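Data first, discussion second: the structure below is written as structure tokens.
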Amino acid sequence: MKKAKCVFLIGLILFLNLLSLNSSFSSQSTNPLKSTSDSTDDPLIVGTTSLGYELDPVIAGDRASLDIIDQVWEGLYAHNLDDPRMRIVPRLAADCGSWNEKGTVFNVTLRSGITFHNGEAFTAADVNYTFSRLWQLCVFLVKDSSYSHALRDLREIYFPNGFNTTKMNASVGYGYIINQTVIVDDLHVSFELNFPYAPFQSLLCFSGSYIVDKSTTNIDSILTFANINNNTAIGAGPYKLTERTTEYCKFEYWEEYYRGIPAIKKITFIKDISTISQALLDGDIDLPRGHFYNSDFTDDFEEAKNIYIGPYREESIISIIHMNNMKIDRSFRHAINYAIDYDKIINEIYSGQATRMTSIVPPGIPYHKECDVPIFNITKARQILIEAGYTESYGLDVNSTDDDWKDVAESYDPIFKLDYKYTVGNINKQNVGLLIRDNLKEIGICVDMVGDVYGFFITSIDSLGGSIDNNYMLLRGWMPDYNDPSQIINALLSNTSSLNFAQVNDPWLQQAMEEALKIIDEDVRRELYYDIQDYIATDLMPYVFIKNYVDRTVRANYVITQPNSMNKFYVFPFSWHGVNTTFNDPYLELWCNTGSPPVLEFWPEPREHISGYPILLVSIFSLVLFTCGFKRIRKS
């Protein structure tokens, strides 16, 4: 009798819970604003804070400009944003390419029958022209002050060992990766490199490597938004850019696109929406873009039946405090790293919308490793300074009180003095600085807050690359340009990089970074990057590791999007609920590398993603249990 009652109760509970879940699933899938039948020809309305600043794939670096460019132009390869590992797949290429034994020649077969938006055929000549133009602009157009900043950053990518150095002179294209792009025939090219460069295929996924039409661009000038009006903003991507004003930007599907037919045929980016989140709630837009998830609207989003909120996920964006390694020695850097209250930064200043950094290489980037990073430990921080001999003249030792250490920090002669640089008006960065100021008092270090307005702040940052005069700390975010660890490690730590704000010049690290660029074998390369990450996190400590950014998808529930750790926005695979993109791509499942370790979300996908079939099967099972239990009770 008891066993029968248990079976009855289990079946009843399962059945009622599944009914509730299925009801919730159905309500999430039902859209009160648009129906599948009458929405498929409507444009996807995207609310954004900016309509971009640059149109040329070579120099565009801001997210808003790249959101436009990624719809119109394509490269030979791309990172598959639908794949948790972000593996490389062919786009305008027809295969994964092949290396010679020395890693200095990369051969690529191109797709046939591809045309640009103006009907011009895509051939190997366009590939050759694209990379010749890239070199020309990097070497010569940088003299034009209006593009000097963008092209300086571009040099860091395509001239990885430095531009026009003693080793990287005119004989090797001033340091350009590519010696020449050889046209074998219309559908085959060979990239002959000046030196081995292992992440070359990943570089071909980068927007600067997107293929441009040789008939509508100039080798020595930049595309601008004016090119839209004379129909020369021409790519080979899935959408044509048809119109851009100060208020909106419009796209239409390119009918001859080679990969298939998208569910979404038109796109409109709308700018100057006072509150993007409110516009989403009001049904004025389908997607917000241009900012991270606004947690102030969480309750409203959860109550709205037409809004979908995804789980939190980590982005491939880091936030670190640069310390001038030429002026702040290793002992001070170690002590500072142990003296900071990271939990308070993450949970109070950033309201839990971040995770603690555990490596210079963020999750989602290949070869990421969880390192044994310092944690908040004032006792250990003090011990480091005591053992280094910095506290003896102050009479500080293990028996000194908290007030003793603070008194030294607030005196006219502290153990050490630092400037914390931040942008006036950036409340989070200012609050981090104030917390660090209080934390470092505990170890006798004085921190001065040095704020500046945005324009002057950027100018002062640019000057840091060539200055060793200040004991500065600088909190700054960083996101790789393409999916390879060298895009963070080499860019920020190489002694040839103008972005090396921490003034790092470490012989072992420099040699290891340069070696990692040459290794084609993925297993060997991975082990070297593991060693590099450990060395940076636990020994060199050139930075204070603050946080990894997190974000979550919020959208109208009748739109299916493609969230990814690199925060890329590529509309072609998006769809309306119940209407899928039709792929005609024979190379769709061709993976070209092992990719990144998958980035795990903080909790499982919400109910909208639960299929109805498992719910039905479990419902039947629970109903059988319920019936059997009921019959056994009656029989008893």
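The values are calculated or read from the model by the stated rules, or taken from the named source; none is laboratory data. Remember, it's a predicted structure, so these values are computed and weren't measured experimentally. Glycine gets a Cβ as well: all are built from the backbone with ideal geometry, and neighbour counts include every protein chain shown. Note: accessible area is taken over every heavy atom of the protein model, side chains too, but ligands, DNA and RNA are not part of it. Shrake-Rupley method; radii C 1.70, N 1.55, O 1.52, S 1.80 Å.
Observations, loosely collected:
- Shape of the range 261-334, Cα gyration tensor, a/c cut at 1.5: prolate
- Applying 1/(1 + (r/R0)^6) with R0 = 35 Å to the Cβ-Cβ distance of residue 580 and residue 218 gives a FRET efficiency near 0.30.
- Per-residue SASA remark: residue 334, around 40 Å² accessible (1.4 Å probe; ligands, DNA and RNA not included).
- Segment residue 272-residue 102, extension gain: residue separation times 0.36 nm, minus the distance between their alpha carbons: 56.0 nm
- Residue among 182, 198, 232 farthest towards the positive dipole end of the range 177-253, charges placed on Cβ: 232
- Gyration tensor verdict on the range 216-255 (Cα atoms; rounded if a/c is under 1.5, prolate if a/b is larger than b/c, oblate otherwise): oblate
- Here the range 78-164 exposes an accessible surface that is 46 percent carbon and sulfur, computed with a 1.4 Å probe and the other protein chains kept in place.
- Directionally averaged projected area (the range 301-343, Cα convex hull): 5.4 nm².
- FRET efficiency for the residue 407 to residue 508 pair, using the beta carbon distance and R₀ = 45 Å, is estimated at 0.70.
- With bins 5 Å wide beginning at 0, the percent of Cα pairs of the range 151-273 falling in each bin runs 2, 8, 13, 16, 17, 15, 12, 9, 6, 2, 0.
- Potential lengthening of the chain between residue 49 and residue 356 amounts to 107.7 nm, from the contour at 0.36 nm per residue minus the alpha-carbon distance.
- Translational diffusion of the range 316-443, estimated by Stokes-Einstein from the Kirkwood radius over alpha carbon pairs at 25 °C in a medium of 0.890 mPa s, is 153 µm² per second.
- Semi-axis lengths, Å, the range 229-304, gyration tensor of Cα atoms, sqrt of 5 times eigenvalues: 30, 16, 9
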